[in-house]
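Notes for the one structure printed next.
Please treat every number below as a calculation from the coordinates, not as lab data. Predicted, not measured: the structure shown is a model, and the values here were computed from it. Here the Cβ positions follow ideal geometry from the backbone for every residue, glycine too, while neighbour counts run over all protein chains shown.
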Amino acid sequence: MKKPVMHFSKPKVRQQIIFICMLSTFIPLFFVGLFSIMQARMQMSEQYKSQVNAAALRINSTLFDITTSLYTSCDNLINSNYLRILLGSDYRISSEEHQYYKLASNALSTMHSTTAAIASIMIYTNNPNIPSDSHITTVDDYSSLPWRKQIVGNAVNSWQCLTGEDSWHNKVYELSIIRRIGINSTKYSAYLVLSIDANYLKNRLLSSEYTVMASVDNEPTFYASEKRWLQKLIPFPSELDNSYYKYTGPIMIDSKKQLANIVTFLPYKTYNKFYICVSDPNAYSRLNRITLIYIVILITATLFPIILTILFSSYFNSRLQTLKNAMHQVSQGDYLIMKLFKGDDELAEIFKDLKATVQKISEKEAKFYQSQIVEQQLINKQQQMEFKMLASQINPHFLYNTLETIRMQALSTGNKDVINSIKLLGKSMHYVLENTGTDSTTLAKELEYVEVYLSIQKIRFGDRVNYTIQYSEDMDLNDYKILPLLLQPVVENAVIHGLERNLLNGQIIINISKTADNLLFIKISDNGKGMNADDLKELTNRINSASLDSASSIGLYNINQRIKLLYGAEYGITFTSQLNEGTTVTLIIPAIVIKEE
């Protein structure tokens, strides 16, 4: 009797290889990569901030230039003597004063028509002696005018956002300068109101990449690159407690985190404050996406050598264990070690020396052990026969009940995968026990048993095994009688031999159809390696012959013979197959309807 081979369960060398590689390579690589990712993210973040700051500075400078230019462009008009005399007159216009009125009106018209930035220009006065026209308006009370409510005290100049209309009578919001005009009178007063054209402002401030908002004195915005943000407050992340506010960082716009730069500037000769907000809506998403790509690259770069190391250490350890087992086997007096040893290195040389030593010992002891070997072989065969006899006596009901006990234990611990696997196996055994000694079952029950088998294979192989059962909707599978345990061996043959090379997306298709002449065609197809014409012919010959040398052929042969013995010689199994395209096994049996019996 051969002595049992000792297997070493603690691969210490493998653990040492993995530990050293982890300590010397993978951990440093991971932390260096993580540090590099953080540095790259910081640099990209600073770059995005710099770009947003530059855009905000450009818009800030542009708006300052526009407001300053328009402010200074009306200085000559406001400081003119004829306008002061005209607006301070206490009596109706004389011929000389009429000339001043024409000068003022022409000056306003010329400024409006020659300056593209001006949407409207108007002088408001409470002097009743001045007639009104398109640029001069006489009012009784300034309090009714919307811009007057926002002038603090006797402030001379003020920037405000006023509501106007464009040429299509659409409502627009215009940035306007209100300037007090000094006149030669204490009874009357006058104001110049100049509004900037909204389209002109949009063309000067528009940025295709960024969201831009601008407001005066933290009032609702007079300009926004997106219309929905017009006349809304800029979402400041902190209190406006400084005369000069500046912020760069994240803000929430439209419930989305954006990188923004908010700056303030004091306009020329007014007490207002302009707030400019420029935000990049895609900065953080791009930053996160690039960071994620870097992290995936780092993980891949780390995992790939780890996997290689584990595979190599596993391969090296298996060879080492094989060599140890062979040496231990020889030490126990068993010289029947393996003939081949993988690899071409020092371990292979040691194994060659071991084989040479074993061969010399075997030659010296051949005669002495020959009789013992023959006797031992006979004993082994007798033990194998006894084992098979003992195995055949195991009560299947005991196995089924034991599986149910294990399933209840797994259920109590919440192990769903084990529960599902045992449940499927239990259903499979229950079907076998239920149909042992019977000669028929329904087609529905047989397909349910096949689905249980395929579900077990699905748990084992994952996406390598997929299946589809096809039949006409008007067929009631419970009405048709079929031999039990007829389809599962064919499906098993398709899984084992048809899909053995498929790493992904293996397909088993079971198609059931009934012909007009009352025949059932059950086609079991796979998309596996298939067979050439010679192999297909050989398989067809084998299933019709009693001399078999393949386990798969034995199963198909038995099924073919069962069909012919029960239904007749005209029924049985046929095959169609093409190399690398799959195989189809067709079972042809009579369509026996239970209701007709």
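In order along region 457-463, the Karplus-derived 3J(HN,Hα) couplings, from 6.51 cos²θ - 1.76 cosθ + 1.60 at θ = phi - 60°, round to 5, 5, 5, 6, 9, x, 6 Hz, and Gly and Pro are given as x. If amide H atoms are built 1.01 Å from N in the plane of the peptide, which residues on other chains or at least 5 residues away come under 5 Å of the amide H of I118? Under 5 Å from the amide H of I118: D197. Peptides 21-30, 111-120 ranked from most to least packed, by the mean per-residue count of other Cβ atoms within 10 Å: 111-120, 21-30.
For the peptides 572-579, 300-307, the ranking by mean Cβ contacts within 10 Å, running from highest to lowest, is 572-579, 300-307.
Legend: residue pairs K427/K458; K324/K355; K445/K523; K427/K523, Cα-Cα distance threshold 20 Å; pairs beyond threshold, K427/K523. Sorting S45, S158, S472 from the fewest to the most surrounding beta carbons within 10 angstrom yields S472, S45, S158. Database remark: amide H of V172 closer than 5 angstrom to the amide H of G164, E165, D166 (H placed geometrically; neighbours at sequence offset of 5 or more, or on other chains; Pro and chain starts carry no H). Using 7 Å Cα-to-Cβ label points, what is the Y271/F461 separation (nm, one decimal)? For Y271 paired with F461, the spin-label model returns 8.6 nm. Label point of S143 set 7 angstrom out along Cα-Cβ; within region 189-221, amide nitrogens under 20 Å from it belong to 189-191. Of the trypsin sites (Lys or Arg not before Pro) found in region 182-252, those that fall in a DSSP loop while having at most 12 other beta-carbon atoms within 10 Å are K187, K232. Once backbone amide H atoms are built at 1.01 Å from N, I181 has A190, Y191, L192 as its partners under 5 Å, excluding neighbours fewer than 5 places away on the same chain. Remark on region 438-596: Rg and Dmax equal 15.3, 46 Å (Cα only). Highest mean packing first, where packing is the average number of other Cβ atoms within 10 Å per residue, the peptides 345-352, 56-63, 126-133 line up as 56-63, 126-133, 345-352.
With each label modelled as a point 7 angstrom along the Cα→C-beta vector, the F236-F19 pair spans 6.2 nm. Under the combined filter of DSSP loop state and at most 11 neighbouring Cβ atoms within 10 Å, region 237-322 retains these chymotrypsin sites (Phe, Trp or Tyr not before Pro): Y244. Subtracting the Cα-Cα distance of K445 and R286 from 0.36 nm times their residue separation leaves 51.6 nm of extension gain. Derived scalar couplings between HN and Hα for region 581-587 equal 10, x, 9, 10, 9, 10, 9 Hz in order, rounded to whole Hz, by the Karplus curve 6.51 cos²θ - 1.76 cosθ + 1.60 (θ = phi - 60°), x for Gly and Pro.
Measure up K49/K257; K49/K246; K481/K514 against 18 Å on the Cα-Cα distance and list the ones that go over. Flagged as over cut-off: nothing, all pairs pass.
Rg and Dmax of region 199-268, based on Cα coordinates, read 12.2, 36 Å.
Here the relative contact order of region 57-281, from alpha carbon pairs under 8 Å that lie six or more residues apart, stands at 18 percent. A simple rule links phi to the HN-Hα coupling: the Karplus curve 6.51 cos²θ - 1.76 cosθ + 1.60 with θ = phi - 60°, which for region 47-52 gives 5, 5, 4, 4, 5, 5 Hz, with x for Gly and Pro. Among the trypsin sites (Lys or Arg not before Pro) within region 453-544, those in coil by DSSP and having at most 15 neighbouring Cβ atoms inside 10 Å are R501.
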